[in-house]
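The values are calculated or read from the model by the stated rules, or taken from the named source; none is laboratory data. Bear in mind the structure is a predicted one, so any value in this text is a computation, not a measurement. All Cβ positions, glycine included, derive from the backbone under ideal geometry; neighbour counts span all protein chains shown. To get the accessible areas, we keep the full protein, side chains included, count just its heavy atoms, and leave off ligands, DNA and RNA. Shrake-Rupley method; radii C 1.70, N 1.55, O 1.52, S 1.80 Å.
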Amino acid sequence: MRKPRKSKIETKALNLYYGDFHALGDINVDIPECAITAIIGPSGCGKSSLLRLFNRMNDLIPSARVEGEAFLDKEPIYGKSAYVVDVRKKIGMVFQKPNVFPMSIYDNIVIGPKSHGIKSRAEHDKIVETSLTQVALWDEVKDILRKPAQELSAGAQQRLCIARALAVNPEVILMDESCSALDPESTMKIEGLMLELAQKYTIIIVTHNMEQAIRVSDMSMFMMIDDKRIGRLVEYSSTSLMFSNPKDKRTEDYITGRFG
């Protein structure tokens, strides 16, 4: 396990509601910097909802309401002093299926920097090369940058989506089952990429793949729903400890395949 330097994201009694539905209850967690944290648990327990709380994507749902506190580098993610555009710039998101935009490879990368006021073509060129190099895609696409991004393979499209997230110089990368739609070879490339990026970025992944959590993550969070259908954090520890000596019987039952 890499040695994380400090806390990056922290939550205190964090609750999420969709109208009258209580989706997440009293989430308290401290996520370390420059490490990979995996969120695991059965379907419907709120893993993706929690992930989206970190960069305020649930703001896009009119009925969503957040109570409690969440911090990025001790600064509030929610509240009057938080600027949502700045939060989303610092905390990028990669989705389950590659969601490349219907434009060229080049334009997929520069759309973010453009929206944040970077207008120089020379700067765009530099950002494109740097971002694609970080995801080991530059050599593959440097001669076809003006071709539609949809022409890339699914695995290359997902790496392009990661490059697009990196183009705005984030600090945290959220990955919501980002390998589940990929073949084994592409999955291994993305996992290797995660390990490399974690030297510089804080990465939080949602995964149903226990082997993947073991392979790549430093820390693991196990979630499940209680008898009121509220998503709860059951256990949070280093991945090595959770998978070798879980503290909660429910965690043990899940990671050993007894339910889920």
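For region 62-73, backbone phi angles converted through the Karplus equation (6.51, -1.76, 1.60; θ = phi - 60°) give residue-by-residue couplings of x, 7, 6, 9, 10, 10, x, 10, 9, 10, 10, 6 Hz, Gly and Pro being listed as x. Taking chymotrypsin sites (Phe, Trp or Tyr not before Pro) as exposed when DSSP calls them loop and at most 12 other C-beta atoms lie within 10 angstrom, the chain has its longest site-free stretch at 84-258. Based on Cα contacts under 8 Å between residues 6+ apart, region 148-240 shows a relative contact order of 22 percent. A Förster radius of 30 Å, combined with the Cβ-Cβ distance separating His208 from Asp125, puts the computed FRET efficiency at roughly 0.20.
Between region 127-175 and region 198-253, the alpha-carbon centres lie 28 Å apart. On the chain, 51 percent of the accessible area sits on carbon and sulfur atoms, based on a 1.4 Å probe.
Projecting the Cα atoms of Val100, Val168, Thr133 onto the dipole axis of the chain, where Lys and Arg carry +1 and Asp and Glu carry -1 at the beta carbon, places Val168 farthest toward the positive end. Farthest towards the positive end of the charge dipole of the chain, among the residues Phe222, Val110, Gln150, is the Cα of Val110, using unit charges on the Cβ of Lys, Arg, Asp and Glu. Close Lys pairs in region 92-232 (alpha-carbon distance under 25 Å; sequence gap of 8 or more, or different chains): 19. The charge dipole of region 1-109, taken about its Cα centre with unit charges on the Cβ atoms of Lys, Arg (+1), Asp and Glu (-1) only, comes to about 380 debye. In the calculated pair-distance distribution of the chain, the portion above 23 angstrom amounts to 52 percent of the Cα-Cα pairs. Residue by residue, region 9-20 carries 3J(HN,Hα) couplings of 10, 9, 10, 9, 6, 7, 10, 10, 10, 10, x, 8 Hz when phi is fed to the Karplus relation 6.51 cos²θ - 1.76 cosθ + 1.60 (θ = phi - 60°); x denotes Gly or Pro.
The residues of the chain have, on average, 47 Å² of accessible surface per residue, using a 1.4 Å probe with all protein chains present. Taking trypsin sites (Lys or Arg not before Pro) in DSSP loop states with no more than 14 other Cβ atoms inside 10 Å as exposed sites, the chain has its longest site-free stretch at 7-73. A viscosity of 0.692 mPa s and a temperature of 37 °C, combined with the Kirkwood radius over C-alpha pairs in the Stokes-Einstein formula, give region 1-98 a diffusion coefficient of 230 µm²/s.
As a check on your grasp of the helix formula, calculate [θ] at 222 nm for the chain: sum -39500 (n - 2.57) over DSSP H runs of n ≥ 4, divide by the residue count, round to the nearest 500. About -10000 deg cm²/dmol.
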